[in-house]
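Structure, as structure tokens:
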Amino acid sequence: MHIPDGFLSTPVWAAAGAVSAGTVGYSLHKLNNSLEDSQIPLMGVTGAFIFAAQMVNFPIAGGTSGHLAGAVLAALLLGPHGAILVMAAILVIQALLFGDGGITALGANILNMGVIGALTGYGFYRLFQRLFTGPRGGVTAAFLAAWIAVVLSSAAAALQIGLSGAVPLRLVLPAMVGVHALIGIGEGLITAAALGFLLRVRRDLVFPACRPLVSGSAI
């Protein structure tokens, strides 16, 4: 889903960059007021895990492959603002050191995979955890939220490419969403498995608002 240089017009990448910069700045402000010392190592470990996990591809249909995006998993551990900062840091490193995603498209990639991925994933997880209670319900909610976040992030990337005129929107939108609907299944399974494991062995590492509900109360 990383957009390379040359695919986005100046107005599109500039607008996306402005939105990303504003959102990252707001998240940093929120965390400065609420971040506890114990959360700092967790942010580092989460970022390192997602960075490493993104290097591992899993096969999907048609000979293509996908990899973990990680925004929803980060949100389940760090909350939405922490997830946005971690994802932004990962994407900056990938663009500057590994050429994964363009420099001019960095703001768009942060917006798509970091901001949209974390916020929509967190929001849908919070919605679904009210429908599916208990630990198993939390795992189900994580799968659905991760799948939706991947699909919405890919749709945002397709919209940006289409608006830039690089590829007609009627072609790029179904292509991007179709492939990432499959990738999202892998994302959902990994996210759900990770949450289920943590709920069994280190429940305290899960962001308090994301711990499963029983009869409407957090456990």
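The values are calculated or read from the model by the stated rules, or taken from the named source; none is laboratory data. The model shown is predicted, which means the values in this text are computed figures rather than measured ones. Counting neighbours? That spans all protein chains shown, and the Cβs are built from the backbone with ideal geometry, glycine included.
If I ask for residues that are touching a Lys or Arg at 6+ places or on another chain (Cβ under 9 Å), in contact (Cβ under 8 Å) with a residue 12 or more places away in the chain and not hydrophobic (A, V, I, L, M, F, W, C), which ones from segment 138-167 would you list?
Just the residues of segment 138-167 that are touching a Lys or Arg at 6+ places or on another chain (Cβ under 9 Å), to begin with: 138, 141, 145, 162.
Filter once more, so that each one left must be in contact (Cβ under 8 Å) with a residue 12 or more places away in the chain: 138, 141, 145.
Of everything in segment 138-167, just one residue is touching a Lys or Arg at 6+ places or on another chain (Cβ under 9 Å), in contact (Cβ under 8 Å) with a residue 12 or more places away in the chain and not hydrophobic (A, V, I, L, M, F, W, C), namely G138.
Name the residue, out of I103, I110, that is crowded, with 24+ Cβ neighbours inside 10 Å, farther than 22 Å from L195 by Cβ and not polar (S, T, N, Q). Give the steps one after another, and end with the answer.
Details: I103 fails: crowded, with 24+ Cβ neighbours inside 10 Å.
Criteria check complete, one pass: I110.
Among the residues of segment 194-208, which ones are farther than 13 Å from P135 by Cα and touching a helix residue (DSSP H, G or I) at 6+ places or on another chain (Cβ under 7 Å)?
Hits for segment 194-208 are L205, F207.
Mind telling me which of the residues A21, A14 ends up being closer than 22 Å to M176 by Cβ, among the hydrophobic types (A, V, I, L, M, F, W, C) and assigned to a helix (DSSP H, G or I)? Before you say what the answer is, go through the steps one by one.
On the way: A21 fails: closer than 22 Å to M176 by Cβ.
Matching residue, one of A21, A14: A14.
If you go through segment 44-63 one residue at a time, do you hit one that is in contact with a strand residue (DSSP E or B) (Cβ under 6 Å, 6 or more places away or on another chain), of a type in the set (S, T, N, Q) and either in a loop (DSSP other than H, G, I, E, B) or more than 26 Å from P4 (Cα to Cα) (or both)?
Yes, some residue in segment 44-63 is in contact with a strand residue (DSSP E or B) (Cβ under 6 Å, 6 or more places away or on another chain), of a type in the set (S, T, N, Q) and either in a loop (DSSP other than H, G, I, E, B) or more than 26 Å from P4 (Cα to Cα) (or both).
Quick one: R170 ticks every box in (1) basic (K, R); (2) over 27 Å from F7 (Cα atoms); (3) part of a helix (DSSP H, G or I) bar one, so which box is it?
The number of the failed condition is (2).
Conditions (1) at pLDDT 95 or above; (2) hydroxyl-bearing (S, T, Y); (3) in a helix (DSSP H, G or I); (4) surrounded by fewer than 20 Cβ atoms within 10 Å (Cβ to Cβ), marked per residue:
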| site | (1), (2), (3), (4) |
| --- | --- |
| T120 | yes, yes, yes, no |
| R126 | yes, no, yes, yes |
| R136 | no, no, yes, yes |
| F143 | yes, no, yes, no |
| L163 | yes, no, yes, yes |
| H180 | no, no, yes, no |
| G186 | no, no, yes, no |
| L195 | yes, no, yes, no |
| A209 | no, no, yes, yes |
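Just for segment 3-58: of the residues that are more than 20 Å from G107 (Cα to Cα) and among the hydroxyl-bearing types (S, T, Y), which one is modelled with the lowest pLDDT?
For segment 3-58, the residue satisfying everything is S38.
Among the residues of segment 1-11, how many are of a type in the set (V, I, T) and assigned to a helix (DSSP H, G or I)?
Residues of segment 1-11 of a type in the set (V, I, T): 3, 10.
Applying the additional criterion that residues be assigned to a helix (DSSP H, G or I) yields 10.
Residues that pass the stated criteria total 1.
Can you pull out the residues in segment 24-43 that are free of Cβ contacts under 8 Å to residues at least 60 places away in the same chain, part of a helix (DSSP H, G or I) and of a type outside the set (G, A, S)? Let's see the steps before the verdict.
So the first thing to find is which residues in segment 24-43 are free of Cβ contacts under 8 Å to residues at least 60 places away in the same chain, and the list is 25-41, 43.
If we keep only those that are part of a helix (DSSP H, G or I) as well, we get 25-34, 39-41, 43.
Matches in segment 24-43: Y26, L28, H29, K30, L31, N32, N33, Q39, I40, P41, M43.
With I183, I103 as the choices, which residue is closer than 28 Å to A21 by Cβ and over 18 Å from the mean Cα position of the chain (by Cα)? Full working, then the answer.
Values: I183 fails: over 18 Å from the mean Cα position of the chain (by Cα).
Step by step, each of I183, I103 is checked, and only I103 is closer than 28 Å to A21 by Cβ and over 18 Å from the mean Cα position of the chain (by Cα).
Yes or no: segment 93-103 includes at least one residue that is in contact with a Leu (Cβ under 7 Å, 6 or more places away or on another chain) and either part of a loop (DSSP other than H, G, I, E, B) or at pLDDT below 95 (or both). Working first, answer last.
Of the residues in segment 93-103, the ones in contact with a Leu (Cβ under 7 Å, 6 or more places away or on another chain) are 95, 101.
Retained after the next criterion (residues that are either part of a loop (DSSP other than H, G, I, E, B) or at pLDDT below 95 (or both)): 95, 101.
Yes: segment 93-103 contains one or more residues that are in contact with a Leu (Cβ under 7 Å, 6 or more places away or on another chain) and either part of a loop (DSSP other than H, G, I, E, B) or at pLDDT below 95 (or both).
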